Each structure stands twice: as C-alpha cells, then as structure tokens.
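Structure, as structure tokens:
The values are calculated or read from the model by the stated rules, or taken from the named source; none is laboratory data. Being a predicted model, the structure only gives us computed values, none of them experimental. Backbone-built Cβ (ideal geometry, glycine too); neighbour counts: all protein chains shown.
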Amino acid sequence: MSSTPTLTFEVNRSKVRTPAAERERLLADPGFGRIFTEHMVRISWTADRGWHGAALIPYAPLTLDPGTSVLHYAQAVFEGLKAFRQGGGGVAVFRPDRHAVRFRNSARRLALPELPEEAFLEAIDVLLAADHEWVPSAAEHSLYLRPMMFASEVTLAVHPAVNVTFLLIASPSGSYFPRGVKPVSVWLSEDFSRAAPGGTGEAKTGGNYAGGLLAQAQASAQGCDQVVWLDSRDHRWIEEMGGMNLCFVYGRGNQARLMTPALTGTLLPGVTRDSLLTIGSDLGYATEEGRISVDEWRHGCEDGSLTEVFACGTAAVITPVAAVKSARGAWTVGDGGAGEVSMRLRRALIDIQRGAALDPHEWLYHVRVSD
Ligand SMILES: *Cc1c(COP(=O)(O)O)cnc(C)c1O
C-alpha cells in the first residue's frame, strides 16, 4: 500500500460570522454538546484515491442519500478530546496524539480507512485557527472536539465502504458539575452486556453506545445515575461505567493504592484512565491494572479496605461513585461523598490541562491561534 501524501487543506471561511457579543452570550452557559462553532473540517476517502479533498468549511447540516451505508449498518467511529484556554491566553489540546492513535485503532476494527496521525492533528490546527475564539476561558469550561468518520457510500449491500467521510466539529462545553462535583449512584447491569470478547468494545464506535441505551434506561428506572458494565461471560468482573473507565482506591492518604480494570479487549482504553495512572504514580500512589468482582467491590466497602471509587473520561474528568445498586442488594462507597484521593487526582489533571501546573509528560499540544 502506498503511503498517503501530505494533505493540503483548502480554507473556506464562513462569510457570515457570529458577532462577538452573541458568541460571549452562548459561551456563558454552553452546556454540553448543544452548541457548535462556525466551521468544521471535512476530508474524503475513496478506495481508489485514498484521503483527499481536505477542507475547512462553514459548519452546516449534511445532505445524505437515504441509502447511505452508515444509516443502515453503523460503520462509523469517533473521538472526543478537549482544547483548553491556557492561563496566558493561548489554546492547548490535551493529548491529541493519543486520540489520533486510538482513532486509527477504532477505524481498523470497523474496517474503515486509517487517517494518518498528521492529518488528524492538522485538522485540529486548521479548525482552531478559524474558531479559537470559541474556546471558553471560564474555569472547567473547554472546547470539546469531535472527530468522526463514517461510511458515506450509497449502498444497501453489506461490505466495508469504498467511500468514507471524516468530519471534525467542535462544541464549547461548560462544567460537567456546575454546582460542584457530585458523586453518582450506579446500577450493575446483569441483564445486558456492553461488549464481548472479539466484539467492538475496544473501539470508539456509536454502536456500543446504541446497545447501551436500554441498560442506561434500566439504571434510571432503578433510581441510579449510571450503568456499570460487567464482563459478558461471568457477569462478575467490573468493566466500565457508561462511557467512562472506573478506578478503585484502596487505603488512605499516602498509602492509597489505585486499581483500574485491565484492558482485556472489551474495555475502551481511556486517555483519562492512562493519564491518571501516570499522575497517580507521580503523586506517590501505588497504581495497578487488575480486576475486581462485584463481591470484592461490596466486601471491600463493607470492611473499609476499599475507600473510594471514581469514573474517568474526557467529558467529566473524574466522577466519584458513591452508591451501588444491583439485583442482589445495595451498598455505599466510603462515606458517600467525593473521596480525597479522587479529588486530588482531579485537581492535578485539570491543573495540567489548564496550564496551571507543569506538564512533565508533554501532554499539551499548543496550537498556533494568531490570525
Ligand atoms: C471515550 C470512552 C471512555 C473514556 O475515554 P477518554 O479517552 O478518557 O475520554 C471510556 N469508556 C468508553 C466506553 C468510551 O467510549
């Protein structure tokens, strides 16, 4: 296979721009995934030409033929990462290189073409050059970046698409916890599975989410905020919470030990998870990738050895888990509040993302935004 030559991005800026006052009004309370910036990046792929037609274009609805393959067979992948306003006024994206690699891995699993990492980064550069004013500056606000790729071939025949579209859109997002970090309650789903060995659990693909909605509805009906997924074979080992990874804290203070379920192939390899394992050991905690069963979770909380549990992901950073409910009973984690270790890790990661702390692992990708 020949390597894709470097893509040239055509820049076609929107003629009508949002007035600054209107933008500031929208950025004051952006919520999540509700408003979008003024541009997007599109790149096309065809089996015969490879990647081509890279362009920054005005943000606009798509026109799709009803026979477009993705609408029927869900051959699609996505990513989620954030750009943060830095103390000095600049803009930095958190670990885009890792997201680029995961995007390629997800694409490979879904039989989609792999977008070269340089093109993934260049798309971000080009979009932020046009829309950097949409990166909010309020604490805990950010610009959420959503790269995605889907089968745009028009056909009802089932095969890997020969015609694929990549898009990058951006959505200013507010604090996940506008009134302070609030621990969540979880329902352990024993009726449904998110992923099975050999399936697509490791890939960031919409189908995994579609298959999880009914379990999430069941969790809500049980009065819980979120669903926790167990392994599909034994319904015994803890995997993930909704669209976030989980981490278990044993012990207290400097003696605390972090354990997150190992990446068995059915878990999504979170960039936040990976970053927190590193930050945890930088802070002097023992860290480990292992496994924990439902019974061990419960007994650990009852005997006090398991002190905190949190979920982690790009959208909310760290979400403490305070209450657990299953068909076989319910229990509380720690004192039911946000744990000390969880909150310390949360602060440390947010400080790196905002440029308020040193970035020893060079996780920030500083974007050129002068225009
Ligand atoms: C995206 C995602 C995560 C978290 O990944 P991050 O890179 O930390 O945002 C965890 N689980 C699932 C199922 C996901 O889709």
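In a loop (DSSP other than H, G, I, E, B) and in contact with a helix residue (DSSP H, G or I) (Cβ under 7 Å, 6 or more places away or on another chain): does that describe R13?
Details: in a loop (DSSP other than H, G, I, E, B): yes; in contact with a helix residue (DSSP H, G or I) (Cβ under 7 Å, 6 or more places away or on another chain): yes.
Yes, satisfied.
Residues of the stretch 321-371 being basic (K, R), surrounded by fewer than 19 Cβ atoms within 10 Å (Cβ to Cβ) and over 23 Å from L128 (Cβ atoms), which ones?
Those that are basic (K, R), surrounded by fewer than 19 Cβ atoms within 10 Å (Cβ to Cβ) and over 23 Å from L128 (Cβ atoms): K325, R328, R344, R347.
Residues in the stretch 32-39: is at least one assigned by TED's automatic domain parsing to the domain that holds W134 and assigned to a strand (DSSP E or B)? Give the steps one after another, and end with the answer.
Applying the first criterion (assigned by TED's automatic domain parsing to the domain that holds W134) to the stretch 32-39 yields 32-39.
Within this subset, residues satisfying the condition of being assigned to a strand (DSSP E or B) are 39.
Yes, the stretch 32-39 contains a residue that is assigned by TED's automatic domain parsing to the domain that holds W134 and assigned to a strand (DSSP E or B).
Of the conditions (1) at pLDDT 95 or above; (2) in a loop (DSSP other than H, G, I, E, B); (3) away from the ligand (no atom under 13 Å from the Cβ), T266 clears all except one; give me its number.
It is condition (3) that T266 fails.
Contact list please: Cβ distance under 9 Å, first residue in the stretch 203-216 and within 18 Å of E190 (Cβ to Cβ) and not assigned by TED's automatic domain parsing to the domain that holds N105, second residue within 12 Å of the ligand (Cβ to nearest atom) and aromatic (F, W, Y), pairs at least six apart or on different chains.
G212/W229; A215/W229
For the stretch 146-155, check the following and say yes or no: at least one residue is assigned to a loop (DSSP other than H, G, I, E, B), out of contact with any strand residue (DSSP E or B) (no Cβ under 7 Å at 6 or more places or on another chain), surrounded by fewer than 18 Cβ atoms within 10 Å (Cβ to Cβ) and in the same structural domain as T46 (by TED's automatic domain parsing). Full working, then the answer.
Let us first name the residues in the stretch 146-155 that are assigned to a loop (DSSP other than H, G, I, E, B), namely 152-153, 155.
Retained after the next criterion (residues that are out of contact with any strand residue (DSSP E or B) (no Cβ under 7 Å at 6 or more places or on another chain)): 155.
Next, only the ones that are surrounded by fewer than 18 Cβ atoms within 10 Å (Cβ to Cβ) stay: 155.
Okay, now just the ones that are also in the same structural domain as T46 (by TED's automatic domain parsing), so 155.
Yes, because at least one residue in the stretch 146-155 is assigned to a loop (DSSP other than H, G, I, E, B), out of contact with any strand residue (DSSP E or B) (no Cβ under 7 Å at 6 or more places or on another chain), surrounded by fewer than 18 Cβ atoms within 10 Å (Cβ to Cβ) and in the same structural domain as T46 (by TED's automatic domain parsing).
Step by step: first the residues of the stretch 209-252, then only those that are crowded, with 16+ Cβ neighbours inside 10 Å and of a type in the set (D, E, K, R), then the one that is nearest to W331 (Cα to Cα). Which residue is that?
Filtering first and then ranking leaves D225.
Restricting attention to the stretch 214-255, report how many residues are closer than 11 Å to S193 by Cα and away from the ligand (no atom under 13 Å from the Cβ).
Selection size over the stretch 214-255: 7.
Out of all the residues in the stretch 279-324, which are within 16 Å of the ligand (Cβ to nearest atom), assigned to a loop (DSSP other than H, G, I, E, B) and either out of contact with any Phe, Trp or Tyr (no Cβ under 8 Å at 6 or more places or on another chain) or not aliphatic (A, V, I, L, M) (or both)?
T314
Does L345 meet the test of being in contact with a Ser or Thr (Cβ under 7 Å, 6 or more places away or on another chain), modelled with pLDDT of 95 or more and not in a strand (DSSP E or B)? Walk me through how you get there before you give the answer.
Values: in contact with a Ser or Thr (Cβ under 7 Å, 6 or more places away or on another chain): no; modelled with pLDDT of 95 or more: yes; not in a strand (DSSP E or B): yes.
When the stated conditions are applied, L345 does not pass them.
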